[in-house]
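First the structure, in the form of structure tokens, and then the observations on it.
The values are calculated or read from the model by the stated rules, or taken from the named source; none is laboratory data. Source: prediction; values computed, not measured. Positions of Cβ are generated from backbone atoms using ideal geometry, with glycine treated the same way; all protein chains shown enter the neighbour counts.
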Ligand SMILES: Nc1nc2c(c(=O)[nH]1)N[C@H]1C(S)=C(S)[C@@H](COP(=O)(O)OP(=O)(O)OC[C@H]3O[C@@H](n4cnc5c(=O)[nH]c(N)nc54)[C@H](O)[C@@H]3O)O[C@H]1N2
Ligand SMILES: Nc1nc2c(c(=O)[nH]1)N[C@H]1C(S)=C(S)[C@@H](COP(=O)(O)OP(=O)(O)OC[C@H]3O[C@@H](n4cnc5c(=O)[nH]c(N)nc54)[C@H](O)[C@@H]3O)O[C@H]1N2
Ligand code: SF4
Ligand SMILES: [Mo]
């Protein structure tokens, strides 16, 4: 235990009891909140926000606060390397050394036989900078291929392209302090309340302190973020370029642009001005579905405000015109001079914790370390020299979707997948899964058991994960923080960079013995030092940064060059914002306006597929849920997947609230319950991205989605596809629950997902933790299937039962200490909430048998809105009915007084109730 990780007297006292406190960074979103991890032995016992971290100043959201729940070494983790002896054989455990040899041997064989471009690396924005650096060097300097891409292709690549094309470098120019200094905040295609909650807390606090501040939100849905805005622009998916062009036209027509700034610091405005002439507010209203007057209002607020900050994420990036959307928004800042000054700038929020580090380390097919370009011979030569090799490959690497296409076409034979779950998160799953099936050799390097992609692995490498890893991450505001290990990895798990280096050394011995030395790092700090050198003299230069500086001075923003004024530590204020002097990172120092057209979404709706499906995130789940599914508390907010639709569309389709629907796109189909949401426009639907085939029957949300890509960034249009929805023809339904360890139960019950047209196995906090199982079929299953189901839920000898198996009816409850330990309601699920309420601590019914016969008055189960204080929607509705406003609810129920993640939802519930009363 190093002294630097002990911060205050509490920590020192705790240390006496054997509790260690380690400063690190939350492993979820790109906000990059500092955390303090309390560990005892091999367990994490508590997580606190780090008051000293400048990005969050002690705040954490619901996900960060529940991190301790997710740190476990049992059924949830991959503890051993595994290999598959034959294509359809079951995998067997192998010693790690043997697995590393197998990896190197198979890759060497394929490289010798088919050339280096027959292998591909598919990495993740959740890796640490050190991990990327080693993988990148392995791929390009040793294996000899540029086929090294990441899931950031699905996430940030349009932002990268947008920044580079306009400002000259991939660098967000603003910082989080600008949230407190902005007068107008323009949020486009971002649900900050859910996806970057701590930034939303900072924004809420800023609005309290500065009531004149205005917030505009452009989002097709009335999200919690949009509901909190002064102006919501409910834009039709994919039409942002038209909106931004129209706003620029208003600014130009009303002389709200800064001609002097345009003259001095930019080029290309004249062509763009001709382009936007057609985008009158009325024309944009027709394209975007946003009232012309609101477009005018947004333009005036944006341009007249002393400081305007834009925040944007996937609503812009995940689009077939993602680069143009980014550029068109950046134009508004350039035209008004709203950049390079406090409170202003186009601020792309990063999704994953270290997507930024990946961009810096060249962890994408189209990037090289230090913001270099693999298509540029001089850049390649520089990196080759820094890495100590003669040359780097010139053949362009394959971006994510193209890489999987190449596998399907047989051009790429081996895939090494690290810290990402493409069998759930990539668009057009039918193609992705066919590719994974076809690949000759698939390595999956992951930390958690049971992910969708593991099913396709020929070799599994066990990765250490947060909080077992050491290294660095860069957050959205260009701030580099140390991630520190608090406990040792379980089993044979090793840090990702270490697994990469160990395979690299073995691979070098087989194909290029002289290069084995390239991977003999003593530890993370050496990897970082090598990486930091690649940034010297570049726009992001942090060549003066090393682990010692980060220990001494804490997290630092880049650039951090050697010639900083006032060294050591440098002039932090001067590094907070970029382009303060109006000099951009282009060769001539001028930012560029791009003459970008508005292009409609790639897949129009049609009579056969009349609804526009968008997808995105929920507050308390993270992506494919490998980690968040381990926290019962996080399942309380939303436990099961759904498709939300406008109530009128539901009625027209003959769908009642909660009914099972059949949902189809041109590429795939699945079943899911539907929910009404009047925050959607008619004709739109929304599905959360989180539930894949590890949790529900079918191939998950991306069975439906579209792989159409942006021509520049190659980012797929995950935010829009055309679908058709009709009632599912699944009359027989069953709902059950069993308490216990959700990860072990999911593993044991997984085969049930493949036996029914609709099935879901859902981790739940019910009864202290366990899983729910939901099944549906056209007809009642055979008696032996029902028997097997009872056996799977340990309901062979129930406390109470009401069975009529010939009609498909089986209702059973098993008890432990007077409380349900498991139940099954097959054939009639109407009393599921009543039984659940009992399992969840509610009063026991007078007679369990009467309950199963449906003779007990039904009880509705409440949903938890505030995770910190366990406040339910029912309690909040009761409070509102009793006349409480949001402040009153906070005082009496305490909802929103913990991490604050539920604040926007509570505010929205209050606002809705007022609308309902007024109507
Ligand atoms: N809770 C939680 N937080 C997360 C994550 C998570 O999984 N869970 N993931 C992290 C990651 S990797 C990312 S990338 C970020 C994503 O963060 P966000 O981008 O904020 O989240 P999303 O829900 O994907 O999409 C944002 C919004 O885009 C809107 N949208 C859809 N189409 C359009 C359009 O054409 N135009 C506009 N203007 N808006 C549109 C959607 O309605 C949605 O509300 O979140 C990060 N934070
Ligand atoms: N329909 C739809 N699809 C989407 C999106 C959307 O909005 N809509 N968003 C896209 C975006 S923006 C993103 S970022 C992607 C995210 O998609 P993924 O990257 O597939 O999502 P995760 O669930 O975060 O996957 C991370 C994996 O890494 C593993 N893991 C965790 N920690 C470690 C570690 O330290 N080392 C290793 N080796 N493994 C680890 C986890 O177990 C998990 O399997 O999804 C994309 N897909
Ligand atoms: S906002 Fe929440 S999820 Fe994101 S880094 Fe902070 S605590 Fe973690
Ligand atoms: Mo992302």
Inset, instruction - Please state which one of 468, 530, 477 is more than 30 Å from residue 761 (Cα to Cα) and surrounded by fewer than 24 Cβ atoms within 10 Å (Cβ to Cβ). - result: 530
Legend entry - Among the residues listed as 313, 350, 336, the single one being more than 16 Å from ligand 1 (Cβ to nearest atom) and either modelled with pLDDT of 95 or more or within 28 Å of residue 380 (Cα to Cα) (or both): 336
Legend entry - Given (1) more than 16 Å from ligand 4 (Cβ to nearest atom); (2) surrounded by 15 or more Cβ atoms within 10 Å (Cβ to Cβ); (3) under 29 Å from residue 35 (Cα atoms), index of the condition residue 83 fails: (3)
Legend entry - Filtered residues of segment 385-407 (kept if part of a helix (DSSP H, G or I) and either surrounded by 17 or more Cβ atoms within 10 Å (Cβ to Cβ) or in contact with a strand residue (DSSP E or B) (Cβ under 8 Å, 6 or more places away or on another chain) (or both)): 386, 387, 400, 401, 402, 403, 404, 405, 406, 407
Inset, instruction - Look at residue 453 and say whether it is touching a residue at least 40 places away in the same chain (Cβ under 8 Å) and either surrounded by 24 or more Cβ atoms within 10 Å (Cβ to Cβ) or within 16 Å of ligand 1 (Cβ to nearest atom) (or both). - result: no
Legend entry - Residues located in segment 189-215, provided they are away from ligand 4 (no atom under 16 Å from the Cβ) and in a loop (DSSP other than H, G, I, E, B): 210, 211, 212, 213
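Condition check ((1) within 13 Å of ligand 3 (Cβ to nearest atom); (2) over 30 Å from residue 458 (Cα atoms); (3) without any contact (Cβ under 8 Å) to a residue 40 or more places away in the chain) across all residues:
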residue	(1), (2), (3)
47	yes, yes, yes
59	yes, yes, no
63	yes, yes, no
72	no, no, no
75	no, no, no
92	no, no, yes
98	no, no, yes
102	no, no, no
Legend entry - Residues that are in a helix (DSSP H, G or I) and either under 28 Å from residue 304 (Cβ atoms) or more than 16 Å from ligand 4 (Cβ to nearest atom) (or both), drawn from segment 154-183: 159, 162, 163, 164, 165, 166, 167, 176, 177, 178, 179, 180
Inset, instruction - Mind telling me which of the residues 611, 643 ends up being closer than 30 Å to residue 869 by Cα, within 16 Å of ligand 2 (Cβ to nearest atom), modelled with pLDDT of 95 or more and out of contact with any helix residue (DSSP H, G or I) (no Cβ under 6 Å at 6 or more places or on another chain)? - result: 643
Inset, instruction - Only residues in segment 223-241 that are at positive phi and at pLDDT 95 or above count as the first member; pair them with residues that are assigned to a loop (DSSP other than H, G, I, E, B) and within 16 Å of ligand 4 (Cβ to nearest atom), Cβ under 8 angstrom, at least 6 apart or cross-chain, and list the lot. - result: 238/319; 238/717; 238/719
Legend entry - Odd one out for residue 837 among (1) part of a loop (DSSP other than H, G, I, E, B); (2) closer than 30 Å to residue 811 by Cα: (1)
Inset, instruction - Would you check which residues across segment 840-856 are touching a helix residue (DSSP H, G or I) at 6+ places or on another chain (Cβ under 7 Å) and outside any loop (DSSP other than H, G, I, E, B) and list them? - result: 851
Inset, instruction - Please work out if residue 186 is part of a strand (DSSP E or B) and at pLDDT 95 or above. - result: yes
Legend entry - One residue from 289, 268 being touching a strand residue (DSSP E or B) at 6+ places or on another chain (Cβ under 7 Å) and on the phi > 0 side of the Ramachandran plot: 268
Inset, instruction - Go through segment 115-139 and give me each residue that's part of a helix (DSSP H, G or I) and either closer than 22 Å to residue 717 by Cα or out of contact with any helix residue (DSSP H, G or I) (no Cβ under 8 Å at 6 or more places or on another chain) (or both). - result: 117, 136, 139
Inset, instruction - Name every residue in segment 285-324 that is assigned to a helix (DSSP H, G or I) and within 16 Å of ligand 4 (Cβ to nearest atom), in order of residue number. - result: 314, 315, 316, 317, 322
Inset, instruction - Quick one: which strands (runs of 3 or more DSSP E) lie wholly within segment 445-561 and hold at least 3 residues that are under 30 Å from residue 170 (Cα atoms) and at pLDDT below 95? - result: none
Legend entry - Meets criteria (surrounded by 22 or more Cβ atoms within 10 Å (Cβ to Cβ), within 16 Å of ligand 4 (Cβ to nearest atom) and either at pLDDT 95 or above or on the phi < 0 side of the Ramachandran plot (or both)) for residue 619: yes
Inset, instruction - Being touching a strand residue (DSSP E or B) at 6+ places or on another chain (Cβ under 7 Å) and under 24 Å from residue 769 (Cβ atoms) narrows it down to one of 849, 862, 844, so name that one. - result: 862
Inset, instruction - Assess whether residue 904 counts as being surrounded by 14 or more Cβ atoms within 10 Å (Cβ to Cβ) and assigned to a helix (DSSP H, G or I). - result: yes
Legend entry - Qualifying positions in segment 225-234 - surrounded by fewer than 24 Cβ atoms within 10 Å (Cβ to Cβ) and in contact with a helix residue (DSSP H, G or I) (Cβ under 7 Å, 6 or more places away or on another chain): 227, 228, 231, 232
Legend entry - Enumerated strands (runs of 3 or more DSSP E) restricted to segment 677-742, each holding at least 2 residues that are surrounded by 24 or more Cβ atoms within 10 Å (Cβ to Cβ) and more than 13 Å from ligand 2 (Cβ to nearest atom): 732-739
